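Shown next, in structure tokens, is the structure this report addresses.
The values are calculated or read from the model by the stated rules, or taken from the named source; none is laboratory data. These numbers were taken from a predicted model, which means no experiment stands behind them. Neighbour counts are summed over all protein chains in view; Cβ atoms, including those assigned to glycine, are modelled from backbone coordinates with ideal geometry.
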Amino acid sequence: MMENDYTSVHLYELKVGEVSLSDEYGGSLSSVVDNDGANYREWILTDPSCFTMDVRTNLLSTIPAFNDVQISPEGKFIECNKEYYYQAEYKLTAKKTITGVKTDAAGRETGESVTVNAGEKLTFYSTDLETYVTFRVGDEFVRFYVNWKEWPQTVNGEDIEDLFDDMIFAG
């Protein structure tokens, strides 16, 4: 089903004389191929034990992120990872100095803080869709916790419009 830019994938159970909805996933089937920043979608499910879905994220920007998914024997979607990864090189620019949490590439927090200086580019790396976004800044990974329950979103209690340039939002 597709309405505007929102997509979802439905699983149906088929029995003789009966069709019933088994599960729904708010995203779309995707083949994650990055060829000079272009995303190519493959809309055919070829392996229910492992496939890629993209979802629309709204933390700090409205952009797609990807996760590996499988279908359980009960006909339900199961996400294989806690982290969703951004494919294309979406970037923000820090407007002022911001402190975040240092992580490794697997998303594990190190317990250290990282300072991002005004003018530095932050490349979207991963998210949990609900509480944080992790960025690649040079050779480091830095996580910012985002309060998105009210507009404007905030990081460290500050309005994101005061912290970042180049954000894009739908709607």
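Right, Phe164: in contact with a strand residue (DSSP E or B) (Cβ under 6 Å, 6 or more places away or on another chain) and under 23 Å from Gly111 (Cβ atoms) or not? Against the criterion (in contact with a strand residue (DSSP E or B) (Cβ under 6 Å, 6 or more places away or on another chain) and under 23 Å from Gly111 (Cβ atoms)), Phe164 does not qualify. Just one of the listed residues (Phe141, Phe169) is exposed (fewer than 14 other Cβ atoms within 10 Å of the Cβ), aromatic (Phe, Trp, Tyr) and under 17 Å from the mean Cα position of the chain (by Cα), namely Phe169. For region 97-117, filtered to residues that are under 21 Å from the mean Cα position of the chain (by Cα) and of a type in the set (Asp, Glu), the residue that is surrounded by the most Cβ atoms within 10 Å (Cβ to Cβ) is Glu109. Condition (residue is over 16 Å from Gly75 (Cα atoms), in the same structural domain as Lys76 (by TED's automatic domain parsing), modelled with pLDDT of 70 or more and not polar (S, T, N, Q)) applied to region 29-44: is it met by at least one residue? Scanning region 29-44, I find no residue that is over 16 Å from Gly75 (Cα atoms), in the same structural domain as Lys76 (by TED's automatic domain parsing), modelled with pLDDT of 70 or more and not polar (S, T, N, Q), so the answer is no.
A quick yes/no check of all residues on (1) basic (Lys, Arg); (2) crowded, with 20+ Cβ neighbours inside 10 Å; (3) not assigned by TED's automatic domain parsing to the domain that holds Tyr25:
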residue	(1), (2), (3)
Arg56	yes, no, no
Lys95	yes, no, yes
Thr127	no, yes, yes
Trp148	no, no, yes
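Which of the residues belonging to region 58-78 are more than 13 Å from the chain's Cα centre (by Cα) and either surrounded by 14 or more Cβ atoms within 10 Å (Cβ to Cβ) or within 17 Å of Val146 (Cβ to Cβ) (or both)? Those that are more than 13 Å from the chain's Cα centre (by Cα) and either surrounded by 14 or more Cβ atoms within 10 Å (Cβ to Cβ) or within 17 Å of Val146 (Cβ to Cβ) (or both): Val69, Gln70, Ile71, Gly75, Phe77.
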